[in-house]
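Here's the structure, in structure tokens; my notes come after.
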Amino acid sequence: MKKVWILFSIANEYNQPEKAFEKLWWHKPTYDELKEHGFTQEESESTNPSHKDYGNTGYWIECFEES
């Protein structure tokens, strides 16, 4: 099964969807890859990494799996 991890942020402009695509990885992103987006070590190691207080924009990761 192939998996992809996608970094989303809150879309801040009028008439945009609730989440905005930022970046994707073909492996679970590491702390070093996420720290530039405000993630802590603990947040980056969780099953569903998310960081909601980075400036005015929240970031989170969603994992999608090929069925």
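Taking the criterion of being assigned to a strand (DSSP E or B) and under 20 Å from Glu66 (Cα atoms), the residues of segment 1-41 that qualify are Lys3, Val4, Trp5, Ile6, Leu7, Phe8, Phe21, Lys23, Leu24, Trp25. When Lys23 is tested against (1) in contact with a Ser or Thr (Cβ under 8 Å, 6 or more places away or on another chain); (2) basic (Lys, Arg); (3) at pLDDT 85 or above, only condition (1) is not met. The residues of segment 20-36 that are of a type in the set (D, E, K, R) and within 14 Å of Cys63 (Cβ to Cβ), listed by number, are Lys23, Lys28. Condition check for His51 on (1) within 23 Å of Glu65 (Cα to Cα); (2) outside any strand (DSSP E or B); (3) modelled with pLDDT under 90: one failure, at (2).
The values are calculated or read from the model by the stated rules, or taken from the named source; none is laboratory data. Predicted model only: the values in this text are computed from it and were never measured. All Cβ positions, even for glycine, are placed from backbone atoms using ideal geometry, and neighbour counts span all protein chains on display.
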